[in-house]
Amino acid sequence: MDFSALQYILRLSPLFFLTLCCVDAFLVAPSNINEPQLLGKFHYASAAFSALDKRSSGSGYDLILTSFGFSSDVSVVSDVGKFLSDVTKIAPVSISKTLKWPNEVSAVPVQALNGHYVAIPDGFLVPTKTDGSIKVYNLNNPGSPLVTLSSHTGEWFYHRVLWVDMNKDGRLDALTCRANKPLIGATKGELVWFTSPPSKSLATPWPESIVANGPDIYFNLAHFKVGTKTYEAIVVAEFFSHKIRVYWSEDYRQDWSNKTYVKSRDIDVSMGAPFDVVIADVNGDGHLDILATTNSEHNGTVLVYEVPVDFRTGQFKRHRLADGYASQSMGLNKGGPGSPYVIPAPAGQKPSILVAGDDAAVLSLLTPKAPQNHTNWEYTRTDFLKTGTSTVGGISFADVDGDGRLELFVPSYDEGYVYVYRL
């Protein structure tokens, strides 16, 4: 992954974080998926992240794209499923070019803001882009200005936002990680949330509450059962400090604002630089696992950790599903892969996994060799998209045209294209 200012000067395509996939809740795919069908590609300069957002009126999905570099952009393709017969005609419409470095855009739950909003975390570690924020945009009010939700002191960059009732007051708060990496000096990271006011108003930024120091970029929410109790947990991939860690609260309401009861432990400190974490039942045994990727110049990996009976004290057993992801372009601090994505599978079967290659310049499909054997962790890796040296960004997928099959949208940064596939 491209992290240094020098690398930015050498090559204007340092893509860091990739996600968001928006999948129909009841749509599943067979475990042994054939090679995806390429429907075509369309132009979008410096394509970085993609997201699919269920339309608030009617059926279908809107495709949301971000790009960054010397200039930045966030664009929308309304009801993208209408264009699948001729993908080349897709023309994203810009909603803002004012952001510094827009990262993983995501839908905001209606109950969080009483409207149809998307959240856009912003900023990166390159000069002039370091003072990021979290902004929201009302998709139902085209042309409306972006609104800053986050309040903070100092310079931070943000990559992901999840919506969680952190203080158990009945309102969804904006949970995120943020990082600061100066050219000289130590890297800082924080796990933080911004508290929704009673009115859910965006008239002023929401007040911040810091959970812990250390988490920097990517994280995910989990619900781990221990005996008869279910814990709300936050699993973080601390890229800069090379650890995967889990946080939880022993407060009787699991109120994260009661910091005395916030606990944490390391899951792994020997995997290298973790890029992203996903919570899913990877081996189809009915129990949650942690799917993770490690980003490396020469040998990036895809890993799974089995969650023990008690995640607070037990051992997380690690399995390697794939490795050998290597940067395909010259420059400092490059690596692969990026984020993993789980494709829902029938109950009792192991899902297939998509892996965005980042600087490895591929999109991989990992298929289980034994779909119904819960103790077999062998997967077959197929790189069905190879872009040469172009960074593969944050993919998204859903059944956007209602035909019962998933469509994939794959940004290729240096090429300036978004590839469209069907499973």
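The values are calculated or read from the model by the stated rules, or taken from the named source; none is laboratory data. Owing to the predicted nature of the structure, the values given are computational and were not obtained by experimental measurement. Cβ sites come from the backbone with ideal geometry, for glycine too, and all protein chains shown count toward neighbours. These area figures cover heavy atoms from the full protein model, side chains too; ligands, DNA and RNA do not enter into them. Shrake-Rupley method; radii C 1.70, N 1.55, O 1.52, S 1.80 Å.
Scanning the range 181-197 for residues that are open to solvent by 30 Å² or more (accessible area, probe 1.4 Å) and within 25 Å of R245 (Cα to Cα) yields K181, P182, G185, A186, T187, K188. Of all residues in the range 348-372, those satisfying the criterion of being over 15 Å from the mean Cα position of the chain (by Cα), part of a loop (DSSP other than H, G, I, E, B) and without any contact (Cβ under 8 Å) to a residue 40 or more places away in the chain are A361, K369, A370.
Condition first: in contact with a Ser or Thr (Cβ under 9 Å, 6 or more places away or on another chain) and among the small types (G, A, S). Can you find one or more residues in the range 299-314 that meet it?
Yes, that holds for at least one residue.
Take the residues of the range 399-423 that are within 17 Å of the chain's Cα centre (by Cα) and among the aromatic types (F, W, Y): which is surrounded by the fewest Cβ atoms within 10 Å (Cβ to Cβ)?
By that ranking, first place goes to Y413.
Of all residues in the range 151-197, those that are part of a loop (DSSP other than H, G, I, E, B), of a type outside the set (D, E) and at pLDDT 95 or above total 10.
Being under 20 Å from E104 (Cβ atoms) and surrounded by fewer than 17 Cβ atoms within 10 Å (Cβ to Cβ): is that true of L175 here? Criteria not met by L175. What do you reckon, is D276 outside any strand (DSSP E or B), over 14 Å from L191 (Cα atoms) and open to solvent by less than 50 Å² (accessible area, probe 1.4 Å)? So D276 fails the test. Within the option set W156, W163, being among the hydrophobic types (A, V, I, L, M, F, W, C), open to solvent by 10 Å² or more (accessible area, probe 1.4 Å) and in contact with a Pro (Cβ under 6 Å, 6 or more places away or on another chain) holds for one residue only, W163.
Evaluate the range 227-237: report whether one residue or more is exposed (fewer than 15 other Cβ atoms within 10 Å of the Cβ) and outside any strand (DSSP E or B).
Yes, the range 227-237 has at least one match.
Restricting to the range 29-88, name every residue that is of a type in the set (G, A, S), outside any loop (DSSP other than H, G, I, E, B) and farther than 21 Å from F384 by Cβ.
Within the range 29-88, A51, S67, S75, G81, S85 qualify.
Number of residues in the range 314-368 that are among the charged types (D, E, K, R) and under 13 Å from T301 (Cβ atoms): the value is 4. P308 meets all of the listed conditions (1) farther than 25 Å from A345 by Cα; (2) assigned to a loop (DSSP other than H, G, I, E, B); (3) not aromatic (F, W, Y) but one, namely (1). Looking only at the range 184-226, which residues are more than 20 Å from the chain's Cα centre (by Cα) and of a type in the set (S, T, Y)? Those that are more than 20 Å from the chain's Cα centre (by Cα) and of a type in the set (S, T, Y): T187, T195, S196, S199, S201, T204, S209.
One residue stands out in the range 214-226 among those that are part of a loop (DSSP other than H, G, I, E, B) and without any contact (Cβ under 8 Å) to a residue 60 or more places away in the chain: the one that is farthest from P340 (Cα to Cα), namely G214. Each residue in the range 279-305 was checked for being outside any strand (DSSP E or B), under 30 Å from R171 (Cα atoms) and in contact with a Phe, Trp or Tyr (Cβ under 6 Å, 6 or more places away or on another chain), and 0 of them qualify. A count restricted to the range 95-135 and to residues that are surrounded by fewer than 21 Cβ atoms within 10 Å (Cβ to Cβ) and touching a helix residue (DSSP H, G or I) at 6+ places or on another chain (Cβ under 8 Å) stands at 2.
Of the residues making up the range 366-398, those that are open to solvent by less than 50 Å² (accessible area, probe 1.4 Å) and either of a type in the set (F, W, Y) or out of contact with any strand residue (DSSP E or B) (no Cβ under 7 Å at 6 or more places or on another chain) (or both) are A370, P371, N376, W377, Y379, F384, G388, F397.
In this entry, Y341 passes the filter for residues that are in a strand (DSSP E or B), closer than 21 Å to L38 by Cα and among the aromatic types (F, W, Y). Looking only at the range 373-403, residues that are part of a loop (DSSP other than H, G, I, E, B) and of a type outside the set (V, I, T) come to 12 in all.
Open to solvent by 70 Å² or more (accessible area, probe 1.4 Å), at pLDDT below 95 and among the aliphatic types (A, V, I, L, M) - does that describe any residue in the range 15-28? Yes: one or more hits. Looking across P340, P308, one residue alone is under 25 Å from D268 (Cβ atoms) and open to solvent by less than 20 Å² (accessible area, probe 1.4 Å). It is P340. When residues in the range 117-173 are screened for being on the phi > 0 side of the Ramachandran plot and not polar (S, T, N, Q), 5 of them pass.
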